[in-house]
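The values are calculated or read from the model by the stated rules, or taken from the named source; none is laboratory data. A quick note: this is a predicted structure, and the numbers were derived from the prediction, not measured. Glycine also receives a Cβ, built like all others from the backbone with ideal geometry; neighbour counts cover every protein chain displayed.
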Amino acid sequence: GQSSATALAPIVVTGIRGSLMRSLAIKRESIGVVDAISAETIGQFPDSSVGGALAHLPGVTINRGSLSYASAEGAPTADGLAQGVNVNGFGGSFDTVLVDGRQVASGNGQTFNFSGIGAMYVGQIDVLKTPDMA
C-alpha cells in the first residue's frame, strides 16, 4: 500500500500567563508601592470603564458623584459612572494621570474623568502610591 502524509495546519496556543507575570514583576521590582492589573484581570471585572476597574485595587476608591469637589451641592451624576479616583484618601486633584507615559489633562483642571476610557481598550493599569508618583 501507499502511505500519504497529510500536512496539518499548525496549532498555536496562547496564554495569559505572560501578562500576569508582568503585573507581578512590576509590583516586585518597583521602588515604591505599586499596584498593577493586567488586561486579563480587568476583563474579569464587570466594569465598562477604567474608573470602575481601578476601584478593585487596594487603597483606591472611586467617586461616582460630581467632579466638582468644591461644589456645595455635590449632586451625583445621573449615569453613576466611576469618574473621580481617590488614592489612599487623596482626591483627584493630587493625582497625576499618565496614558502611555504622557500626562493627560482634565477638563475642569482638578480631576481626570476615568469614565471616558473603556476598560476593554486598556492593556495594563499601574497605580503608583508614592509622594512623587514616580
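Looking at the range 66-75, can you tell me whether even one residue there is modelled with pLDDT of 80 or more and under 27 Å from Ala39 (Cβ atoms)?
No, every residue in the range 66-75 fails to be modelled with pLDDT of 80 or more and under 27 Å from Ala39 (Cβ atoms).
Take the residues of the range 31-42 that are surrounded by 15 or more Cβ atoms within 10 Å (Cβ to Cβ) and in contact (Cβ under 8 Å) with a residue 24 or more places away in the chain: which is farthest from Thr111 (Cα to Cα)? Give the steps one after another, and end with the answer.
Taking the range 31-42 and keeping what is surrounded by 15 or more Cβ atoms within 10 Å (Cβ to Cβ), we get 34-42.
When the remaining residues are screened for being in contact (Cβ under 8 Å) with a residue 24 or more places away in the chain, the result is 34-40, 42.
Working: Val34: 21, Asp35: 20, Ala36: 21, Ile37: 22, Ser38: 24, Ala39: 24, Glu40: 27, Ile42: 22 Å.
Result: Glu40.
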